[in-house]
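The structure under discussion appears below in the form of structure tokens.
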Amino acid sequence: MKSLKIFPILLAATLLPMIGITQKAKAQEVSENYWGNSLDIGWYCRNIGANNAVLVSNDVFGWRCQAGDNIINISIEQVCNLTYGSPYPIGYGMFDNPSSWFCGTPKQSAEFVKNSD
């Protein structure tokens, strides 16, 4: 019986940090972007049938869509194409800033720009 009482505590200790990460990600989905046209990754995820965007690591490659219990990889090219009608150019301003992805010609120097496939 004691092990059954411990289970809810272990479950809460496991889930609470994950809930915190998801909430942080929602707050960071859209930002004014100094490098180019900003992306609303949460909108993109909902548009493809997922619930929302989540951040699994605190860098530009940390974005995923979440559909129920499933985590789905994101193609920034697809986000740009759906949002702005063109997949390129794309880039990010700073690797450590998940919200620094942009579509279109960069407004200023960026760490990474991809002009075509």
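Laboratory data are not the source of any read-out in this text; all were calculated from the coordinates shown. Owing to the predicted nature of the structure, the values given are computational and were not obtained by experimental measurement. Note that each Cβ is placed from the backbone with ideal geometry, even for glycine, and that neighbours are counted across all protein chains shown.
Among 65-73, 45-53, 93-101, 105-113, how do they line up from the highest to the lowest mean number of other beta-carbon atoms within 10 Å?
Working: 65-73: 12.2, 45-53: 17.0, 93-101: 19.3, 105-113: 14.1.
Per-residue mean Cβ counts within 10 Å order the peptides as 93-101, 45-53, 105-113, 65-73.
The spacing between the range 72-89 and the range 39-57, judged by their C-alpha centroids, is 12 Å. Were the residues from Tyr88 through Lys114 laid out at 0.36 nm apart, the gain over their Cα-Cα distance would be 8.7 nm. Projected label points at Tyr34 and Glu77, each 7 Å from Cα along the beta carbon direction, are separated by 2.9 nanometres.
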